[in-house]
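Before any comments, here is the structure.
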Amino acid sequence: MKRIGLIGARGHVGSELLRLILSHPEFELAFVSSRERAGQALADHHPEEVSGLRYVEVTPESLALQPADALVLALPNGMASSYVAAAAPDTVVLDLSADYRFDPSWHYGLPELTRNQYRDQKRISNPGCFATAMQLAIAPMLEFLDGPAQCFGVSGYSGAGTTASDKNDPEKLRDNLMPYALVGHVHEQEVTRQLRQAVQFMPHVAAYFRGLSITANMTLSGRMTLEAVMQRYRDFYVSEPLVAVQDEAPWVSCIAGKNGAVVGGFALSEDGRRLVVVSVLDNLLKGAAAQAMQNLNRAFGYSELLGIAP
């Protein structure tokens, strides 16, 4: 059994990680760190917990006293570096924030697109949720693009975390669609870097809890048929059990609570040079926790899908 230490367990993603680790046949919890819940029983917040573990507060200074095979950081942006510095070199460190997504010394873990780049690195950066959906929508068409890909995104308010803000206030979101960070969003920068393709991203948050949808608008360098486009996506993801390709535009309500993503809704302009594709996933799962499990499984030599079957 590989022992997993989780830091930042109070948030929505941390809760999903706890559930997945507890049900994984080869993983067990080494510790669960939460400053606000230190001393409380996990079972008080997670009824499925049967090990008798309690939350502890693990600081960078005390990290050495909590041995683990892997350290998962589910912290807000800007808070990972002190834990990374304190972690032993042979400990797998998986960071869910944006702090190391632009660091070439870290493996960027979007398995469907980057698994062949993994070389047993002990430092793994988990992609962003919107960034995952955008890349899955755009990647099959990269060689045919002419100009930036434009992505309109809508996420449930769990993507705004648990710290109170307008973006996770159900009353302010009621009957509303809230735009934010319409230029220069970190996920726009992330996708542009990873795909080496300019992307323009316009995120919004809506009055539902989980799941997100990306509508990607792409100008093609030459005329294509809809049949050829759809076959390209099917071929591209034919061996990827966590990415489904369908004709119809996928709905968020159909992917919420599931570990994979769906790409579909293919629409092509009359001249065959403007393509629109829809990509949906659960921001807490394929957009975070389930993808983290894919990366941990690979780091320890297990099947990527162990514990997260589609």
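Bear in mind that the values in this text are calculations on the coordinates, not laboratory data. The structure presented is a predicted model; accordingly, all values stated were derived computationally and were not measured. Here the Cβ is made from the backbone with ideal geometry for all residues, glycine too, and neighbour counts use every protein chain on show.
In straight Cα distance, which lysines are under 23 Å from residue 286, not counting same-chain residues fewer than 8 positions off?
Qualifying lysines at Cα under 23 Å: 2, 122, 167, 258.
How big is the antiparallel share of DSSP beta bridges in the chain, given as a percent to the nearest 5?
Of all bridge pairs located within the chain, approximately 45 percent are antiparallel.
Compute for the range 1-110: radius of gyration divided by Kirkwood radius, i.e. Rg/Rh, restricted to C-alpha atoms, rounded to two decimals.
0.94
Mind checking the dipole of the range 129-282: about its Cα centre, +1 per Lys or Arg Cβ, -1 per Asp or Glu Cβ, Debye to the nearest 20?
180 debye
Run the helix sum for the chain: -39,500 (n - 2.57) per DSSP H stretch of 4+ residues, divided by residue count, reported at 222 nm to the nearest 500 deg cm²/dmol.
Taking each H run of at least 4 residues, the total per residue is -6000 deg cm²/dmol.
Sort 135-141, 254-260 for me by packing, meaning the mean count of neighbouring Cβ atoms within 10 Å per residue, highest on top.
135-141, 254-260
Which length gain, in nm to one decimal place, applies between residue 207 and residue 164 when the Cα-Cα distance is subtracted from 0.36 nm times their residue separation?
Gain on extension, residue 207 to residue 164, equals 14.0 nm.
Counting other beta carbons within 10 Å of each residue's own, what order do 282, 69, 169, 120 fall into, fewest first?
If I rank by nearby Cβ atoms, fewest first, I get 120, 169, 69, 282.
How do 266, 27 line up, fewest other C-beta atoms within 10 Å first?
The most exposed by this proxy come first: 266, 27.
Just how large is the dipole of the range 234-310 about the Cα centre, in debye to the nearest 20, putting +1 at every Lys and Arg Cβ and -1 at every Asp and Glu Cβ?
Computed about the Cα centre, the dipole is about 220 debye.
Sort 214-220, 124-130, 84-90 by the packing proxy (mean of other Cβ within 10 Å over each peptide's residues), most packed first.
124-130, 214-220, 84-90
Could you give the dipole magnitude of the chain about its Cα centre, charging the beta-carbon of Lys and Arg +1 and that of Asp and Glu -1, in debye to the nearest 20?
220 debye
Provide the packing ranking of 270-280, 226-236, 176-186, i.e. peptides ordered by the mean count of other C-beta atoms within 10 Å per residue, highest first.
270-280, 226-236, 176-186
With Kirkwood's inverse mean 1/r over C-alpha pairs for Rh, give me the Rg to Rh ratio of the range 172-310, two decimals please.
We get a ratio of 0.98 for the range 172-310.
Please report 173, 6, 96 as a ranked list, fewest other C-beta atoms within 10 angstrom at the top and most at the bottom.
Ascending Cβ contact count within 10 Å gives the list 173, 6, 96.
In degrees between 0 and 90, to the nearest 10, how far off the longest principal axis of the chain does helix 186-195 point, with axes built from Cα atoms?
So the helix axis and the longest Cα principal axis differ by about 70 degrees.
Of the options 303, 52, 214, report the single residue whose Cα projects farthest towards the positive end of the charge dipole of the chain (beta-carbon charges: Lys, Arg +1; Asp, Glu -1).
With unit charges placed on the Cβ atoms, the residue in question is 303.
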